[in-house]
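Colleague: Please see the structure below; I have some questions.
Throughout, read-outs are computed from the coordinates displayed, never taken from laboratory work. Just so we're clear, the structure is a prediction, and the values are computed from it rather than from any experiment. Positions of Cβ are generated from backbone atoms using ideal geometry, with glycine treated the same way; all protein chains shown enter the neighbour counts.
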């Protein structure tokens, strides 16, 4: 059974001597050495002070000598990888990948872009709305057909105008002509209608 943590230390802790985790572990479980080891490992794992240095997952090496990848840090695709991704996408979604990768538009912003948001001559795109990923048919502002909420971006800086670089203007213009829904209110990336 774990001992109760005292309101004040029972013995003084000398600065610079020993491991401060030992004192905390001793207070939590003074008898069982196996449990002390487990608690000490957990303290070291979750302590923010211990997250830097060679022990982090960035520098970790497996038993076979292979470097372990830190999954918390995203690894962006290279230009060759992006070209391969775009080449293998269906025609109607190629521009989606290009705008996300090179312009920095988020998924919800891309899905809510409409014809009137895009100036095909200058390459300006106005980002003023986004669509939520989660379906909530009863929420205020939810779409009657899909149930997702359409609203402004999360922050004021999310409302912005972005510029498409000149090399991407022809694909943008071609996409607007061939794949965008009709009318000024037509979605730039309309969904497909599924029949079951």
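Colleague: According to the square roots a ≥ b ≥ c of the eigenvalues of the Cα gyration tensor, what is the shape class of segment 152-196, taking rounded for a/c under 1.5, prolate for a/b larger than b/c otherwise, and oblate for the remainder? Show your work: numbers first, answer last.
Modeller: Numbers: a/c = 2.48, a/b = 1.22, b/c = 2.03.
Oblate shape, in that a/c is at least 1.5 and b/c is the bigger or equal ratio.
Colleague: If each of residue 185 and residue 139 carries a label point 7 Å out from its Cα toward its Cβ, how far apart are those two points in nm?
Modeller: Taking the two extended label points, one gets 2.1 nm.
Colleague: Using only the Cα atoms of segment 124-184, build the gyration tensor, take square roots of its eigenvalues as a ≥ b ≥ c, and label the shape rounded, prolate or oblate: rounded if a/c is under 1.5, else prolate if a/b is larger than b/c, else oblate.
Modeller: Since a/c reaches 1.5 but b/c is at least a/b, the shape of segment 124-184 is classed as oblate.
Colleague: Relative contact order of segment 79-178, please, whole-number percent, based on alpha carbon pairs below 8 angstrom and at least 6 residues apart.
Modeller: Numbers: 123 pairs, mean separation 24.1, N = 100.
Relative contact order for segment 79-178 comes out at 24 percent.
Colleague: Can you sort 72, 148 by how many other beta carbons sit within 10 Å, fewest first? Can you show the working numbers first?
Modeller: Numbers: 72 8, 148 21.
Fewest-to-most Cβ neighbours within 10 Å comes out as 72, 148.
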